[in-house]
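Data first, discussion second: the structure below is written as structure tokens.
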Number of protein chains: 2
Amino acid sequence: MKYRKIPDETVRRMPMYLRALSLLEQEGQQTISSRQLADRLHLKPPQIRKDLSYFGAFGTRGIGYPVVSAAQQIRTILRLDVRQKVALIGAGRLGTAVAAYPGFSVFGFDIAAVFDKSPAKIGKKIGRLVIEDMQSVDALEARQIRLAIVAIPAEEAQACAERLVRAGVKGILNLAPCYLAVPKRVKVVSLDMAMALGVLPYYM
Amino acid sequence: MKYRKIPDETVRRMPMYLRALSLLEQEGQQTISSRQLADRLHLKPPQIRKDLSYFGAFGTRGIGYPVVSAAQQIRTILRLDVRQKVALIGAGRLGTAVAAYPGFSVFGFDIAAVFDKSPAKIGKKIGRLVIEDMQSVDALEARQIRLAIVAIPAEEAQACAERLVRAGVKGILNLAPCYLAVPKRVKVVSLDMAMALGVLPYYM
């Protein structure tokens, strides 16, 4: 199914809706109003109604959204209805923390491979995964891994991103404190702890 | 100095400008045009000019921004012209990665204390810091620590945030995958790896 062009800000909020709905699914709740969902997420109900309307009307006025089917529809929209394999680049402190991060599974992500360039780390294990040589990144496409998390120092991140793109990666979560230049067909989302912390004193 | 109300999006980009200018300072460059700065940051020059104009005109048409004074002015605006002490809550895998993260120092942040509730961790060291009992969080105000990074499981994060607020904390960087409800006077910025990863398949 094709949807019309959706603002990035709306797409960015969709995983929030999905996480809330997944939790409600587990709790066995059948419907939720935009007001209740807004209260849970600390958003405004019209915002939620507008966001969800981009994907077609899947709520009923006065009754609300059916939890199970709304969750399933968002999963389909975000292409999270299939398990998505993810490569983790970097088995240092940050990479180790990422590998153990419990939040990915609700979205169906599966950290399927970990790579590092350090001979001291290659062959060791992080959780159930054996750390592989960075060279093996080149074979990601054959393993149907098209997502990667970059958790290596900033000065190595650009070269790594280029290698990932050559290996067929289509989406990168960048945790290195730097900008990654990639072709337009590849989507990068960067999380930068220092940048985020950097705005706080302004508001104090 | 008081500035007029500045959009959050502009404030959010200021640390990017500061990091780029700090690097140029180190490289000894004296001026930079909005075009050059835009190229480095992969933004549009009018965007940069508009952002910086909120804080008064500190560039000269045709010459550009003086690197050292522009950096200093942004530091003053963001209140990063003094060293800011930060408490790290959680000495698990993520906390350990945060403590070792090299990106904070360019903004003058100093991880000054680490706390954990686990008796097995209290008294041990992370880098140069001795892990303290969570109880000691209550004394943050006396130590002039008004910023905190929350790196603990989601189910403990809300109670922790409330405790931090009672201890006088004014800004929180939340790394737990959940929303934190705090009084309006306290600013929370959340970074959620799963949310960020969750949007990528949509674009693939």
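The values are calculated or read from the model by the stated rules, or taken from the named source; none is laboratory data. Nothing here was measured: the structure is a model prediction, and the numbers come from that model. A quick note on method: Cβ atoms are made from the backbone with ideal geometry, for glycine too, and the neighbour counts reach across all protein chains shown. Calculation scope for accessible area: heavy atoms of the full protein, side chains included, ligands and nucleic acids excluded. Shrake-Rupley method; radii C 1.70, N 1.55, O 1.52, S 1.80 Å.
How large is the accessible surface per residue of chain A, computed with a 1.4 Å probe and reported in Å² as a whole number?
Counting only protein heavy atoms, the per-residue value for chain A is 48 Å².
Would you compute, for the Cα atoms of the protein assembly as shown, the largest minus smallest coordinate along each principal axis and list the three values in descending order, in whole Å?
Ordered largest first, the protein assembly as shown gives principal extents of 57, 49, 47 Å.
Taking all protein chains together and a probe of 1.4 Å, list A:Arg93, A:Arg61 from the most accessible to the least accessible.
A:Arg61, A:Arg93
With +1 on each Lys and Arg Cβ and -1 on each Asp and Glu Cβ, and nothing else charged, work out how big the dipole of chain A is about its Cα centre, in Debye to the nearest 20.
620
Tally the DSSP beta bridges in region A:61-202 and give the antiparallel ones as a percent, rounded to 5.
Taking every DSSP beta bridge within region A:61-202, about 10 percent pair in antiparallel fashion.
Could you tell me what percent of the DSSP beta bridges with both partners in region A:13-134 are antiparallel, to the nearest 5?
In region A:13-134, DSSP labels about 35 percent of beta bridges as antiparallel.
So what's the gap between the Cα centers of region B:84-109 and region A:18-70, to the nearest angstrom?
Computed from Cα coordinates, the inter-centre distance equals 36 Å.
Write down Rg/Rh for chain B, rounded to two decimals, with Rg from the C-alpha atoms and Rh from the Kirkwood relation over Cα pairs.
1.02
So which of A:Lys5/A:Lys187; A:Lys124/B:Lys124; A:Lys5/A:Lys85; A:Lys125/B:Lys124 end up more than 21 Å apart by C-alpha?
In this structure, A:Lys124/B:Lys124; A:Lys5/A:Lys85; A:Lys125/B:Lys124 exceed 21 Å between Cα atoms.
How big is the charge dipole of the protein assembly as shown about its Cα centre, in debye rounded to the nearest 20, if each Lys and Arg gets +1 on its Cβ and each Asp and Glu gets -1 on its Cβ?
980
I'd like the mean, over residues of A:186-194, of how many other protein chain beta carbons sit within 10 Å of each residue's own Cβ.
Mean partner-chain Cβ count within 10 Å for A:186-194: 6.
Over all directions, how big on average is the projection of the convex hull of the alpha-carbon atoms in region B:19-100, in square nanometres?
The directionally averaged projection comes out at 7.0 nm².
Give a quick list of trypsin sites (Lys or Arg not before Pro) in region B:124-204 that DSSP marks as loop, anything other than H, G, I, E or B, with at most 14 other Cβ atoms within 10 Å.
Those satisfying the criteria are B:Lys124, B:Arg128, B:Lys184, B:Arg185.
Cα extents of region B:84-191 along the three principal axes, largest first, in whole Å?
34, 32, 28
Leaving ligands, DNA and RNA out of it, rank A:Cys160, A:Cys178 by accessible area with a 1.4 Å probe, largest first.
From most exposed to least exposed: A:Cys178, A:Cys160.
Could I have the simple spin-label model distance between B:Arg185 and A:Arg83, label points 7 Å from Cα toward Cβ, reported in nm to one decimal?
Calculated label separation equals 5.0 nm.
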